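These notes concern the structure reproduced below.
The values are calculated or read from the model by the stated rules, or taken from the named source; none is laboratory data. Predicted model, so just to flag it, every value in this text is computed and none were measured. Cβ placement follows ideal geometry from the backbone for every residue including glycine, while neighbour counts extend to all protein chains displayed.
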Ligand SMILES: NC(=O)c1ccc[n+]([C@@H]2O[C@H](COP(=O)([O-])OP(=O)(O)OC[C@H]3O[C@@H](n4cnc5c(N)ncnc54)[C@H](OP(=O)(O)O)[C@@H]3O)[C@@H](O)[C@H]2O)c1
């Protein structure tokens, strides 16, 4: 999709929103530690100081290794833009990099792979981006846990001005993930029955709402009653509290022994085997995360009995080209605008308190999205 097509799509989908309405989070939880500001961008676009505050990781480890420091970011080169971040999305992948499960490109490093902010400077060359634009990005380069950052212009996505930065930052990476999982990796259709683990999590909440709108019967797993209530609100037809119930037996019961067409499994180690057991003949095992640890190696023979398909996809392999990126974001924002997706910014923290955000995410204390505010 070209930038022009993307802008037209947004214009068209935003016609669905009453002009006075701003898309703020539909649900803002009491655990927010900061007040969300209006998206109206009125401040001056000064970027005089080269030093900005950022979270830095010098050694791998627990949340305590996230340090609040000054860093120098410089000015944008050709094809780059400098962005003053308004809101930063926290994703479980940030935990993997901090722990060393995934290897960061440098050391020390600034974590974070998602943010929304205002462009304060544009490097040489044609970028299609202007100073003052509200933009977001999700993916490489790592380094969004910072007041400002330099980004390649071809990685940034124009954000509709009717969407609060905190809402956009909470949905860009997670929502594009839901888009590629449901629409491209395995195409969910009316009549399918699907199983979503961690259904009240950031990605899980969006997967359930979107799959329900696509006409699927959605079975979600969660760890407690509060999360179960949220998953129900998000369109889960059946919710299983997998800390208390055997989810394989429950899926078997719900599907009258048939199993589900697809499992979206982001939990990994603790659920992988049960997920395979929950699939129907020729079902799709989509293993897209490992919040509980990496699953054990899988012998091919474990797929043979039901002729199962297995994939371990990543968003970043589905948004390689600019067209793919804008298509995923366009479809996501159209669904936000039309109300198919209600965004749960359930937890906001000051950027300087990123360690607390990580601690809560890892300890399963969060639901919906977690956002840092510089
Ligand atoms: N492949 C991709 O492209 C891609 C993109 C985005 C995200 N992901 C993956 O999707 C998953 C969800 O990401 P997210 O940022 O939205 O996080 P999240 O789902 O909001 O948080 C993780 C959730 O996983 C569940 N969980 C189960 N066992 C856990 C354990 N031992 N430790 C911690 N959590 C556990 C918890 O929900 P309960 O309390 O209900 O069990 C927890 O709230 C992550 O695994 C992430 O890596 C993959």
Item to check | Among the candidates 257, 235, residue that is modelled with pLDDT of 95 or more and farther than 30 Å from residue 1 by Cβ | outcome: 257
Item to check | Filter pass, residue 197 being touching a helix residue (DSSP H, G or I) at 6+ places or on another chain (Cβ under 8 Å) and near the ligand (Cβ under 8 Å from one of its atoms) | outcome: yes
Item to check | Only one of 144, 161, 205 that is modelled with pLDDT under 95 and closer than 20 Å to residue 345 by Cα | outcome: 161
Checklist entry - Just to be sure, is residue 96 exposed (fewer than 13 other Cβ atoms within 10 Å of the Cβ) and at pLDDT 95 or above? => result no
Item to check | From 162, 107, residue being more than 16 Å from the chain's Cα centre (by Cα), over 30 Å from residue 259 (Cα atoms), outside the structural domain of residue 280 (by TED's automatic domain parsing) and crowded, with 18+ Cβ neighbours inside 10 Å | outcome: 162
Next on the checklist: Anything in region 189-238 that is touching a residue at least 40 places away in the same chain (Cβ under 8 Å), under 18 Å from residue 278 (Cβ atoms) and surrounded by fewer than 24 Cβ atoms within 10 Å (Cβ to Cβ)? List them, or say none.
Outcome noted: 192, 193, 223
Checklist entry - From the residues in region 317-335 that are surrounded by fewer than 16 Cβ atoms within 10 Å (Cβ to Cβ) and within 16 Å of the ligand (Cβ to nearest atom), which one is farthest from residue 154 (Cα to Cα)? => result 317
Checklist entry - Looking at region 336-374, which of its residues are away from the ligand (no atom under 15 Å from the Cβ) and within 15 Å of the chain's Cα centre (by Cα)? => result 336, 342
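Can we say residue 178 is within 13 Å of the ligand (Cβ to nearest atom), under 19 Å from the mean Cα position of the chain (by Cα) and not assigned by TED's automatic domain parsing to the domain that holds residue 333?
Against the criterion (within 13 Å of the ligand (Cβ to nearest atom), under 19 Å from the mean Cα position of the chain (by Cα) and not assigned by TED's automatic domain parsing to the domain that holds residue 333), residue 178 qualifies.
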